[in-house]
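All remarks here apply to the structure that follows.
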Amino acid sequence: MSKEPVAVVGIGQTKHVSARRDVSIAGLVREAARRALDDAELTWADVDAVVIGKAPDFFEGVMMPELYLADALGAVGKPMLRVHTAGSVGGSTALVAASLVAARVHGTVLTLAFEKQSESNAMWGLSLPIPFQQPLLAGAGGFFAPHVRAYMRRSGAPDTIGSLVAYKDRRNALKNPYAHLHEHDITLEKVQASPMLWDPIRYSETCPSSDGACAMILTDRAGAARSPRPPAWMHGGAMRSEPTLFAGKDAVSPQAGKDCAADVYRQAGISDPRRDIDAVEMYVPFSWYEPMWLENLGFAAEGEGWKLTEAGATELDGDLPVNMSGGVLSTNPIGASGMIRFAEAALQVRGQAGEHQVDGARRALGHAYGGGSQFFSMWLVGAAPPQT
Amino acid sequence: MPEVLKAPLVVEFPFTRSLGPVQSAFLTGLRERVVLGVKTRDGRTLVPPVEYDPVTAEEIRDLVEVAPTGTVTTWAWNHEPRRDQPLDTPFAWVLVRLDGADTALLHALDAPGPDSVHTGMRVRVRWAQERAGAITDIACFEPYDGEPAEPAGHSGEFDDAVTGIVAAARLDYTYSPGRAQSAYINALSDRRTVGERCPSCRKVYVPPRGACPTCGVATSEQVEVGPGGTVTTFCVVNIKAKNLDIEVPYVYAHIALDGAGLALHGRIGGIPYDQVRMGLRVEPVWTEGARYPDHYRPTGEPDADYDTYKELP
Ligand SMILES: [Zn+2]
């Protein structure tokens, strides 16, 4: 028996900001979930199960969100699951929810991811003083910056590529009312003049720290038929993992990322991603990860990803728009960031992305990664139902 | 079996919590010696109050005052109070259904011994002397044989409401790095870097984990690597980390020690930061009593060829 097709019929986000002091965590997730239900014109009673994800526990000190949030998410009397995969969690949470629909376990599933970075300190969470171990000398940016340098060396990319990505994403964010950073006076010169934090990564090429939540309503073919607005259809989804460090790991272009993309393309019947995919929401917390992931995801040959960025192909009006929403560089509630990528890809093929809509987007990729480039989750969504 | 290291690891952080409207009213109420519950759609009063109806999932905001007196619905005796518990002498954990409430609140009951506690006994709130808008504003409950108190019908609106709390979390672990890393750490005290070779792919893991994650087999053959190595990549850190006493800028590098299958991380010194490059040959510099090299400095050898280190992460 073939799988049940999975449709996205509701999407809700909070306005992402640096601190939502007016709401509890329950109030924050509720806001996103309520908006997703409203978008789908459904009620709590229409939801059969809830699947949530969040950042690693030390990032905000909530160890069992599934206990605390059951009533806020209308999960009383229903199955509720939690997914963990570091920064990629928002993507893998959506995929676990989708698998419940695809397997015909449930008809309609609410999936949600969140983080309130203002209530903790992710840097602290990343650098616990483990006995006998050398303290980490550089923090998150310092962890990724050497990989960026390795990419620059390997590809011969000019120093300016990172600033082009940041300038693009911050301008895209101005068209997205939910984005955290709205830098109306952004210029390329300002990005290039911003302080060098972890050379080669500048301040303006790093993600902010945000409070926010994102929710989606996933449903089966019957649910999609009742949807008041066009659904986004899932054409493929996959997750892959690898260790943080191992002999032979390619930190610039991890094998797990390549394998994950290949699996999604196989499911979706994509032979040439550059030609067949109209828009991409990829997880770019530091600007240089755009060209690196363009290669890892097969949009460019090895060493050539930066050329797409430099030529403007990834701009909102380019032939392969990337991070139309402003991306992680403009909004980063870590636990939710992966799901925001997935949801923004779905918004595009539903034609509901507003000012940051890519005209005629029919197929879009949502991508997330996490940990030390070791967890990958992706989905490909389309305006038309999958061919079964 | 050789000695396996162990050490205490304390993980603690003062997480903050925004309260939202319902918890804000509840905790501000405690500060003012008022206990508030919330009414559900089916007419029950939940104490402590919640933001969303557990039955209908609707938002609920109808706050009502309940009495500071109530009935124990169940209990457990705590023989040995721990740090930061409500009382420092043995006490009962109790669930108390306050007069006017339909659900029970968890707190401590100050009682002389387990024989003096029973389900159904009447108790009342003992307020803390100093109150700040926290569950600890109720110091504990105490036995009570008077009439039920009459709530004053507070509206739940307060001037100067508490909007956030600090929820300090602390976990006490005993940490052990295990057999393979203990051997690595012990060798470092002789200023030697010892990894383990995978019997299958022959790559040398530094630090060793006791298994090769690629082949999925245990490792045991010890191999000394270094002391020389190659900078495979690096960044220049320009922002000072709170917990580190290192002057910026400094170079944070991945260093593949000669013979190792992957790079470890360290600081480069003895050369201006803007002259560090990929391929630079370095060696460790030790300071007296330190477990790890303080930094790595150039050896003066010619730089390594790109091809010799480009696949070392
Ligand atoms: Zn091996």
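Here the helices (runs of 4 or more DSSP H) wholly within the range A:300-375 that include at least 2 residues being within 24 Å of A:C214 (Cα to Cα) are A:327-330, A:334-350. Would the range A:123-134 turn up any residue that is part of a helix (DSSP H, G or I), more than 9 Å from chain B (Cβ to nearest Cβ) and buried (at least 20 other Cβ atoms within 10 Å of the Cβ)? No, the range A:123-134 contains no residue that is part of a helix (DSSP H, G or I), more than 9 Å from chain B (Cβ to nearest Cβ) and buried (at least 20 other Cβ atoms within 10 Å of the Cβ). Considering only residues in the range B:231-265 that are closer than 19 Å to B:V204 by Cβ and without any contact (Cβ under 8 Å) to a residue 40 or more places away in the chain, the one that is nearest to the other protein chains (Cβ to nearest Cβ) turns out to be B:H265. I'm checking my understanding of the structure. Among residues of the range B:182-200 that are surrounded by 15 or more Cβ atoms within 10 Å (Cβ to Cβ) and within 13 Å of the ligand (Cβ to nearest atom), which one is nearest to A:A138 (Cα to Cα)? Within the range B:182-200, the match that is nearest to A:A138 (Cα to Cα) is B:G195. Do we find a residue being within 20 Å of the chain's Cα centre (by Cα) and among the hydroxyl-bearing types (S, T, Y) anywhere in the range A:109-126? So far as the range A:109-126 goes, yes, one or more of its residues are within 20 Å of the chain's Cα centre (by Cα) and among the hydroxyl-bearing types (S, T, Y).
Any residue that is within 14 Å of chain B (Cβ to nearest Cβ) and among the aromatic types (F, W, Y) - is there at least one of those in the range A:96-118?
Yes, that holds for at least one residue.
Can B:P86 be described as over 19 Å from A:D71 (Cβ atoms), out of contact with any Ser or Thr (no Cβ under 8 Å at 6 or more places or on another chain) and either open to solvent by 50 Å² or more (accessible area, probe 1.4 Å) or touching a residue at least 40 places away in the same chain (Cβ under 8 Å) (or both)? Judged against the criteria, B:P86 is not a match. For A:G77, the conditions (1) within 30 Å of B:V162 (Cβ to Cβ); (2) within 11 Å of another protein chain (Cβ to nearest Cβ); (3) of a type outside the set (S, T, Y) are fulfilled apart from (1). Of the candidates B:V162, B:V166, the single residue that is at negative phi, crowded, with 19+ Cβ neighbours inside 10 Å and either more than 16 Å from the ligand (Cβ to nearest atom) or facing chain A (nearest Cβ under 10 Å) (or both) is B:V162.
Looking at the structure I just gave you, is A:L294 assigned to a loop (DSSP other than H, G, I, E, B), touching a residue at least 24 places away in the same chain (Cβ under 8 Å) and either open to solvent by less than 10 Å² (accessible area, probe 1.4 Å) or in contact with an Asp or Glu (Cβ under 9 Å, 6 or more places away or on another chain) (or both)? Spelling it out, it is not the case that A:L294 is assigned to a loop (DSSP other than H, G, I, E, B), touching a residue at least 24 places away in the same chain (Cβ under 8 Å) and either open to solvent by less than 10 Å² (accessible area, probe 1.4 Å) or in contact with an Asp or Glu (Cβ under 9 Å, 6 or more places away or on another chain) (or both).
Limited to the range B:2-51, what total is found for residues that are charged (D, E, K, R) and away from chain A (no Cβ under 14 Å)?
The total comes to 4.
Among the residues examined, B:E59 qualifies as without any contact (Cβ under 8 Å) to a residue 12 or more places away in the chain, within 13 Å of chain A (Cβ to nearest Cβ) and either closer than 30 Å to A:V76 by Cβ or touching a Pro at 6+ places or on another chain (Cβ under 6 Å) (or both).
Here's the yes/no breakdown for (1) modelled with pLDDT under 95; (2) at positive phi; (3) open to solvent by 40 Å² or more (accessible area, probe 1.4 Å); (4) not small (G, A, S):
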site	(1), (2), (3), (4)
A:M239	no, no, yes, yes
A:A256	no, no, no, no
A:D259	no, no, yes, yes
A:V264	no, no, no, yes
A:G269	no, yes, yes, no
A:S287	no, no, no, no
A:G303	no, yes, no, no
A:L316	no, no, no, yes
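Among residues of the range B:201-212 being open to solvent by 60 Å² or more (accessible area, probe 1.4 Å) and within 8 Å of the ligand (Cβ to nearest atom), the one that is farthest from the other protein chains (Cβ to nearest Cβ) is B:R202. Looking only at residues in the range A:228-267 that are assigned to a strand (DSSP E or B), over 14 Å from B:T214 (Cβ atoms) and not hydrophobic (A, V, I, L, M, F, W, C), the one that is nearest to the ligand (Cβ to nearest atom) is A:R240.
If you go through the range B:285-306 and keep only what is within 12 Å of another protein chain (Cβ to nearest Cβ) and either farther than 19 Å from B:L244 by Cα or of a type in the set (D, E, K, R) (or both), you end up with B:R291, B:D294, B:Y306.
Looking at B:S189, B:S155, B:S200, just one residue is outside the structural domain of B:R31 (by TED's automatic domain parsing) and at pLDDT below 95, and that residue is B:S189. Return a yes/no flag: does the range A:323-344 have any residue that is open to solvent by 10 Å² or more (accessible area, probe 1.4 Å), small (G, A, S) and away from the ligand (no atom under 16 Å from the Cβ). Checked against the condition, which is being open to solvent by 10 Å² or more (accessible area, probe 1.4 Å), small (G, A, S) and away from the ligand (no atom under 16 Å from the Cβ), the range A:323-344 yields no hits at all. Beta carbons closer than 7 Å, at least 6 apart along the sequence or on distinct chains, pair a first residue in the range A:14-43 that is at positive phi with a second that is open to solvent by less than 70 Å² (accessible area, probe 1.4 Å) for A:E41/A:P228. Looking across the range A:358-384 at every residue that is touching a residue at least 24 places away in the same chain (Cβ under 8 Å) and out of contact with any strand residue (DSSP E or B) (no Cβ under 9 Å at 6 or more places or on another chain), the one that is most open to solvent (accessible area, probe 1.4 Å) is identified as A:G360.
Put simply, of A:S210, A:S227, A:S204 the only residue that is crowded, with 19+ Cβ neighbours inside 10 Å, of a type in the set (S, T, N, Q), in contact (Cβ under 8 Å) with a residue 24 or more places away in the chain and farther than 23 Å from A:G326 by Cβ is A:S227.
Of all the residues in the range B:216-228, those that are within 10 Å of the ligand (Cβ to nearest atom) and either over 33 Å from the mean Cα position of the chain (by Cα) or not in a loop (DSSP other than H, G, I, E, B) (or both) number 1. The criterion of being modelled with pLDDT under 95 and open to solvent by 10 Å² or more (accessible area, probe 1.4 Å) does not hold for A:G351. Screening B:R122, B:R131, B:R97, B:R126 for residues that are open to solvent by 40 Å² or more (accessible area, probe 1.4 Å), in contact with a Lys or Arg (Cβ under 6 Å, 6 or more places away or on another chain) and of a type outside the set (G, A, S) leaves exactly one candidate, B:R131. Among (1) more than 9 Å from every other protein chain (Cβ to nearest Cβ); (2) open to solvent by 30 Å² or more (accessible area, probe 1.4 Å); (3) in a helix (DSSP H, G or I), which single condition is A:R154 missing? Result: A:R154 fails condition (1) only.
Looking at B:E247, B:E301, B:E283, which is the one that is outside any loop (DSSP other than H, G, I, E, B) and more than 25 Å from A:G156 (Cα to Cα)?
B:E283
The values are calculated or read from the model by the stated rules, or taken from the named source; none is laboratory data. The shown structure was predicted, so the numbers you read here are calculated from the model rather than taken from an experiment. All Cβ positions, even for glycine, are placed from backbone atoms using ideal geometry, and neighbour counts span all protein chains on display. Accessible surface areas use protein heavy atoms only, side chains included; no ligands, DNA or RNA. Shrake-Rupley method; radii C 1.70, N 1.55, O 1.52, S 1.80 Å.
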